[in-house]
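The values are calculated or read from the model by the stated rules, or taken from the named source; none is laboratory data. The model shown is predicted, which means the values in this text are computed figures rather than measured ones. Here the Cβ positions follow ideal geometry from the backbone for every residue, glycine too, while neighbour counts run over all protein chains shown.
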Amino acid sequence: MTTSTDEITNFLAGYPIPIAGHARRLHELVLEAVPSAVARIRPGWRLIGYDLPITRHGTYFAWVAPETEHVHVGWQTGTLMADPQGQLRGAHLKLKKVRYLTYGLRDRIAPRVVLDFTRDAARIAAMSRGERELIARARSA
């Protein structure tokens, strides 16, 4: 079940206004990039998660995670995504699969970047495990 706009607003109400605004904009961009995505607040993880409706319970592929000083937009298949400019973060933390972008209070969101990464993440998440393994092998070669 998709989370309503009111639920998103209530979830973001506990964050500073600029962070809530960034999170709302990132939420809009994820849904613009992948209109079929199902948004759900995941209170235990303190984020808005996005599933592709391609399996019975959905395939988790993206998230928007606000924090007090910044907000992250991230993708489960991040290590398989093309990142020629090295914009994605997470490798420095030795994260095995995910990659993300971080926007601080005064940062400007780059819509085209978020849209492109989100579309790529959805494309990869929709692949079979075998197809994803082929991409992983090609990247490590």
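Per-residue answers, yes or no, for (1) under 16 Å from the mean Cα position of the chain (by Cα); (2) among the hydroxyl-bearing types (Ser, Thr, Tyr):
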| site | (1), (2) |
| --- | --- |
| Thr55 | no, yes |
| Tyr60 | yes, yes |
| Glu69 | no, no |
| His72 | yes, no |
| Gln85 | no, no |
| Arg89 | yes, no |
| His92 | no, no |
| Lys96 | yes, no |
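So for the range 57-74 (the condition being modelled with pLDDT of 95 or more, touching a His at 6+ places or on another chain (Cβ under 8 Å) and of a type in the set (Gly, Ala, Ser)), does at least one residue qualify? Checked against the condition, which is being modelled with pLDDT of 95 or more, touching a His at 6+ places or on another chain (Cβ under 8 Å) and of a type in the set (Gly, Ala, Ser), the range 57-74 yields at least one hit.
For the range 106-113, check the following and say yes or no: at least one residue is modelled with pLDDT of 95 or more and farther than 26 Å from Arg46 by Cβ. Yes, the range 106-113 contains a residue that is modelled with pLDDT of 95 or more and farther than 26 Å from Arg46 by Cβ. Scanning the range 5-41 for residues that are farther than 15 Å from Ala65 by Cα and out of contact with any strand residue (DSSP E or B) (no Cβ under 9 Å at 6 or more places or on another chain), we see that the one that is modelled with the lowest pLDDT is Thr5.
Listed by position, the strands (runs of 3 or more DSSP E) inside the range 35-141 whose residues that are among the hydroxyl-bearing types (Ser, Thr, Tyr) number at least 3 are 99-104. Please go through the range 96-115 and give me each residue that is over 13 Å from His70 (Cβ atoms) and touching a residue at least 40 places away in the same chain (Cβ under 8 Å), ordered by number. Matches in the range 96-115: Pro111, Val114, Leu115.
Which one is farthest from Ala23 (Cα to Cα), of the residues in the range 96-125 that are of a type in the set (A, V, I, L, M, F, W, C) and exposed (fewer than 15 other Cβ atoms within 10 Å of the Cβ)? If we take residues in the range 96-125 being of a type in the set (A, V, I, L, M, F, W, C) and exposed (fewer than 15 other Cβ atoms within 10 Å of the Cβ), then Ala110 is farthest from Ala23 (Cα to Cα).
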